[in-house]
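Have a look at the structure below before the remarks.
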Amino acid sequence: MTNPYSFDIASLSVAIPEIFLLSAIVVILLIDLFLTQPFKQVTYYLTQLSLLITAILAFNLIGQPDTIIFSDSFILDKLAAVFKVLMLGAAMVAMVYTRHYLIQHSLFRGEYFILVLLAMLGMMVMVSGYSLLTLYLGLEILSLSLYTLIAIARKRSNAIEAALKYFVLGAIASGLLLYGMSMVYGISGSLNIGEIAQFSSATNLGGREALIINFGLVFLVIGIAFKLGAVPFHMWVPDVYQGAPTATTMFIATVPKIAVVAMLVRILIDGLGAMQLDWQGLFVALSLLSIAIGSLAALMQTNIKRLLAYSTISHIGFIMLGFVTGVIAGYGAAVFYVLAYVIMSLAAFGVIILLNKKGFEAEQISDYKGLNKHAPWFALMLLIVMLSMAGVPPFIGFYAKFFILQQILSAGFVSIAIIAVIFAVISAYYYLKIIKTMYFDVPEEGNTFSISAPMDMQIILSINAVLILVVGLLPNQWLKLALSLF
Amino acid sequence: MENIYLILVLSPLIGAIIAGFFGPLLGRTAVHSITILGVLISTVLAFYVFNHHVLEQGEVFNQNIYTWMQIGNLDVSVGFLVDNLSAIMLLVVSFVSLMVHIYTIGYMADDAGYIKFFSYISLFTFAMFMLVIANNFMQLFFGWEAVGLVSYLLIGFWHHKESATEASLKAFLVNRVGDFGFLLGIGLVFSFSGSLDYSAVFSSLDNALNQQLWGLDLITVICLLLFIGAMGKSAQVPLHVWLPGSMEGPTPISALIHAATMVTAGIFMVSRMSPMFELSDIALTVVMVVGAITALFMGLLGIVQNDIKKVVAYSTLSQLGYMTVALGVSAYSVAIFHLLTHAFFKALLFLCAGSVIVALHHQQDIQKMGGLRKKMPITYWSALVGTLALIGFPGFSGFYSKDMIIEAVNFSQLPYANWVHYAVVAGVFITAFYSLRMFFIVFHGKSRIPPDSAKHLHESPLSITFPLVVLAIPSAIVGYFIIEPILFNGWLEGAITVAPNHTSMTELSHRFQSASAMIFHAVQTPPFWMMIGGIIAAWVFSLYKTQWADWMVQKFRPIYYILESLYGFDRLNEIVFVGTVKKLGNLLWRVSDVGLIDKILVNSSANLIGVIGSVVRKIQTGYVYHYAFFMIFSLLIILTWTLFAGDSPLLEF
Amino acid sequence: MVVSLSDYLILSSIVFCIGLVGIFVNRTNIITLLMCVELILVAVNTNFIAFSYFLENESGQIFVFFILTVAAAEVAIGLAILTLLFRNKGSISVDVTNSLKG
């Protein structure tokens, strides 16, 4: 670092995906303004196109040497590049499903896609953030877009209520996170992740300073735990999942989780890795609570979105367990789990959205009665998702759990593994309940499951669900990829 | 040889795929011809493999066929280990499966799911092959899960029956418990040996010696966890509850999956792991005791059942208990021997039961049968052979295997072995009693069949009777011919390890003279007289003085009640397993989102943190506040913890 | 008198606590809630500036500028949600938002 306030124009090339995406947002926003109602679809296609181009740009950056620019606050390494590609890919799939949902519920507006693109931008900044400032800004761009994406269904009081709850709690969580950042900054004297890492590994703190940085660490962990939805900072998750329009729920449930995991890696491993023993215990508690509450609370749910919310909480618990191990293989297992989780959630919400009709949300589990009779193919898709989430081999969800448990056992936490396994057994019950509903119950009168979704969505959804099986059969490459990120 | 193994394993899979995907296009006849051809090829090859390995003592084949994942030191492959143990298992599985395939033509003739059923049972056969032929833990686990999956599908095959769906759910849930124990065991195996390959694991067992976990030897913990897996699959108490329920499925699969093959996977697995189990006397004792409990108490339940299939199901549980006892006393080869004879005679009994059920238009209550001997002679004679084999009548195959188990227990040095010995001897009486009770009630005595169905009553078609006859032959004679080679002449040498301090097998071989001598010797042993007693008791209660049975029921109502309620296991299962989980879920659901904040946190924090509490109590109306409060309260707890706890205490845990 | 770093930290933690407690004490009006969120951010800003001053390192102050900007955007969205809530429920009391639970 020579002069912190100057940079080389050529070095901007590592931020090309973000720069392109930002310009694309501005352009699409302007174009959308001049489109009349019959041509609104153009916004959708432009969105997909810009996501695709951004993904290609990000893909080209994979394999470049690690570069840090913008006064050491923006990093490009393999983790960042790969995560960006994954997020953009997931977002493209999500947008295919979203379009169908928005049209069915008369929510199709250009703003929706603009906000999604903005959220993507925020997440890409998060993934590449190498100072507390960029991480925070990325997180806020993401959060503010998400609040609005929920409230976009402005005539639904449930959606507004969900937005309000998410907003209030999210603001508190941001406050806690910032408070933690200020303490870490105050003790280490820097916002930069690399310098914080140097400081925390080199210095032996004592007394008051150790206490402050420990408190800061707690606040940071809580901020991250909130964004992940880990117990006891999970209370927004079920309400938001249920209240938000299903398309938004799908988005919240998938892509941001990748970004938050990246933030977790940046702050807790890259930055405060030397204090690992201090946050490890906290992570054990949070993840076991998440697995427990997530598994148990889901048992009594009748709303499938709410059920998936609790199931998410328990998956998050497993992901966090991967970070407890403190070894690279464990982190790799966690990233693999995130990937598996995103694929499974996309498919799960995809099926829910697929069954939406004008003015009808397939929200209740009882809406799925006898699905197998009328739409056997998509019942099979949901069956794959549910078996995978329950951790039945050979689906991807099994490997995800298996790798985590294997790492936990190798690290010597046998009791933790056993507790996790017990709750995994319990959670199999509610996944099975859905399968039973689809396959063995008699459909309700008049519920014919006429599928109005366009062909592109049906095809993408089928590929999505089949991917659960395919990656499950060939997990080798994916796991290697996950392990190579650290 | 590799190609032969591949064809052996894959031909049922190909049959299943063709039947599953193109079945509706091909029609019924084509589907059953193709799947039967697939299994027939396997059976022929299995005979060849058996001949090559067991009779001609060919080289053990242990090779990875296909590497599937390689991550760091974790190497997951599809590999075949064909030694005498797997060769015997392949033969049993393919032979019984072939018979069941043929039988299904007649049994399912009127069923709408005919094609699907064939595709499932062929798929099952493939999965079972993969399980027995595996050379590593991962493939074993996969086969394990796959046979389980097909089994749930088949239990719930008649899904319009509410009870069938529930039984399949129950089987799934109970097996999850076993499977996760199994999986944890595999994880621990990997953690000490760094490999999942059998041979690599067994050769690195020294690493695990002297390691401790939870105050036990690491090996003991691993064996116990693996045994939990075996308990789930092989239906040992208390994870047995799913097996009687599985009788809701069609009878051919009860014979194939829930009697002859899948349920013995646990027995097979423990035999495979014998090098590990031999290192832990504690684990072996647990295995033995669990087996004895299952053998004795599940047999008792068979006495009070009136459903023909349930009687056979409880008898299966009891016989699985016998096999487990044999494992516990390190007589692995005896366990495999009993597994083999049991596969024949129990499949036979189930198919006989199925034949009766079809003839009576799906009547399963034995109190509504009777006097079938005249109308169904082939079924009658086959059932007689099966029953005699089951109760261990001298000369029949079950006699040799069961007698050897009882003898082996007698020689065991493990603690509690003498009690287990009493249990298995008492079990002989019970087995004879319930088996013949059913036999007499169904085939002898006065007919209690309603006249209109009695009119159409006739012997089953050839596709049903043919398998009966074919299975009756080995049920009768196989024990006589193979007892010597399988137990004492080293058919299983190399595949099974017995520690030198477990002497029951060597003692047995000292005593053993010849198969014929055993028959004459039998008359002088208590098990023989127990069996005769059981036969007489059955005759008295079910034919001679039927009113005595009612009188006994009256007099011993509490005992009868206990037996009839299946020792409350189902009830317990309902309460503990499903009920508690549901209730706990309900509780937590209330607590975590509503109740905890309203009732516990808010109210009790009023006492704890006076100021905050009294302020909070005024505002318990809107939930957002409660969420926020919950977050902040958690924050406080964590901060306090950080402040006072010092080094993270949870990591110790 | 000399104001030390700890004085600033204590002040900011008090403001922070007021903000936190305010969020769950207040039940009538969402606007109060927004104000409490602002208080939390103000506490954070105080922290940053104090640290920045005593560390003689300007990046903390730069951070504060960004926090202020984000806070403005946050309030804008908060007020928008508030308006929608009023349209849907006819009230801006948080008491009315409890139809999602369980």
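The numbers here are math on the coordinates, done by the rules we state, and not lab data. All values reported here derive from a predicted model rather than from experimental measurement. Note: ideal-geometry Cβ built from the backbone for every residue, glycine included; neighbour counts use all protein chains shown.
Working from the Cα coordinates of the range A:17-484, the gyration tensor eigenvalues give, after taking √(5λ), semi-axes of 34, 27, 20 Å in decreasing order. Converting phi to 3J(HN,Hα) with the Karplus coefficients 6.51, -1.76 and 1.60 and the offset θ = phi - 60°, the range A:270-275 yields 5, x, 9, x, 5, 9 Hz in sequence order, with x at every glycine or proline.
Report, please, the projected area of the range A:249-377 averaged over directions, based on the convex hull of its C-alpha atoms, in nm². Kindly include the intermediate steps, with their values, before the conclusion.
Details: hull surface 35.1 nm².
For the Cα atoms of the range A:249-377, the hull's average projected area reads 8.8 nm².
Just report the Cα centroid separation between the range A:297-320 and the range B:406-455, whole Å. Centre-to-centre (Cα) distance: 48 Å.
Checking understanding here: applying a Kyte-Doolittle mean of at least 1.6 and a length along the axis of at least 15 Å (C-alpha), which whole DSSP H helices in chain B pass? Display every interim value, and only then the final one.
Values: long enough: B:2-26 (33 Å, 1.81); B:28-50 (32 Å, 1.64); B:84-107 (34 Å, 1.71); B:114-133 (29 Å, 1.81); B:137-155 (26 Å, 1.55); B:162-193 (46 Å, 0.86); B:218-233 (23 Å, 2.28); B:281-304 (36 Å, 2.32); B:308-328 (30 Å, 0.78); B:332-359 (39 Å, 1.75); B:377-391 (21 Å, 1.45); B:397-411 (22 Å, 0.32); B:417-443 (38 Å, 1.49); B:462-483 (32 Å, 2.20); B:526-539 (20 Å, 1.28); B:623-645 (32 Å, 1.71).
What comes out of the filter, once short or polar helices are dropped, is B:2-26, B:28-50, B:84-107, B:114-133, B:218-233, B:281-304, B:332-359, B:462-483, B:623-645.
Taking each DSSP H run with n ≥ 4 as -39500 (n - 2.57) and averaging over every residue of chain A yields -24500 deg cm²/dmol at 222 nm. Fewest neighbouring Cβ atoms within 10 Å first, the residues B:His458, B:His338, B:His421 line up as B:His458, B:His421, B:His338.
May I ask you to sort A:Ser450, B:Ser634, B:Ser199, A:Ser345 by Cβ crowding, counting other Cβ atoms within 10 Å and putting the fewest first? Intermediate values should be presented prior to the final figure.
Numbers: A:Ser450 9, B:Ser634 17, B:Ser199 14, A:Ser345 25.
By the 10 Å Cβ count, ascending, the order reads A:Ser450, B:Ser199, B:Ser634, A:Ser345.
Scoring A:61-74, A:278-291 by mean Cβ neighbours within 10 Å over their residues and listing the highest first yields A:278-291, A:61-74.
With loop membership from DSSP and a limit of 15 other Cβ atoms within 10 Å, the longest segment of chain B without GluC sites (Glu not before Pro) is B:60-651.
At q = 0.18, 0.20, 0.28 Å⁻¹, what log₁₀ I(q)/I(0) does a Debye calculation on the Cα points of the range C:25-93 give, no solvent, two decimals? Taking Cα atoms of the range C:25-93 as identical point scatterers yields -0.72, -0.80, -1.15.
Annotation: amide H of B:Gln236 has no partner in the under-5 Å range at sequence separation 5 or more or interchain, hydrogens built in the peptide plane.
If each DSSP helix of 4+ residues adds -39,500 (n - 2.57) and the sum is divided by the residues in chain B, what number results at 222 nm, nearest 500 deg cm²/dmol?
Working: 32 runs with 451 residues, N = 653.
After summing the helix terms and dividing by the residues of chain B, the value is -22500 deg cm²/dmol.
Our compactness index for chain B, the C-alpha radius of gyration over the empirical 2.2 N^0.38 Å, is 1.05. Mean per-residue shielding of peptide C:55-68 is 4, counting Cβ atoms of other chains within 10 Å of each Cβ. Shape class of the range B:1-86 from the Cα gyration tensor (axes a ≥ b ≥ c, square roots of the eigenvalues): oblate, since a/c reaches 1.5 or more and a/b does not exceed b/c.
Note on the range A:262-317: percent of Cα-Cα distances in each 10 Å bin, starting at 0 and stopping at the bin with the largest distance, equals 25, 36, 25, 13, 1.
What pairs in A:Lys40/A:Lys305; A:Lys84/A:Lys227; A:Lys165/A:Lys257; A:Lys436/B:Lys233 have C-alpha atoms more than 25 Å from each other?
Numbers: A:Lys40/A:Lys305 29 Å; A:Lys84/A:Lys227 18 Å; A:Lys165/A:Lys257 19 Å; A:Lys436/B:Lys233 22 Å.
Flagged as over cut-off: A:Lys40/A:Lys305.
Semi-axes of the equivalent ellipsoid for the range B:288-564, computed as √(5λ) from the eigenvalues of its C-alpha gyration tensor and ordered from largest down, come to 33, 22, 15 Å. For the pair the range B:275-347 / the range B:227-248, the C-alpha centres are spaced 11 Å from each other.
Taken as Cα centroids, the range B:92-107 and the range A:126-187 sit 63 Å apart, rounded to the nearest whole angstrom.
Sorting B:Met262, A:Met455 from the fewest to the most surrounding beta carbons within 10 angstrom yields A:Met455, B:Met262. Take each residue of peptide A:129-138, count the partner chain Cβ atoms within 10 Å of its Cβ, and average: the result is 2.
What's the long-distance tail for the range A:49-97, i.e. % of Cα pairs beyond 14 Å? The answer is 53 percent, as a whole percent. Across every pair of non-identical alpha carbons in the protein assembly as shown, the mean reciprocal distance, once inverted, gives a Kirkwood radius of 33.0 Å. Taking a ≥ b ≥ c as the square roots of the eigenvalues of the Cα gyration tensor of the range B:43-122, is the shape rounded (a/c under 1.5), prolate (a/b larger than b/c) or oblate? It comes out oblate by the Cα gyration axes. Note on the range A:17-484: with charges restricted to the Cβ of Lys and Arg (+1) and Asp and Glu (-1), its dipole about the Cα centre is near 800 debye.
To the nearest whole number, what is the average tally of beta carbon atoms from other chains within 10 Å of the beta carbons of peptide A:289-300? Walk me through the numbers on the way to the answer.
Details: counts 2, 0, 0, 3, 6, 2, 4, 11, 11, 3, 8, 10.
Counting other chains' Cβ atoms within 10 Å and averaging over A:289-300 gives 5.
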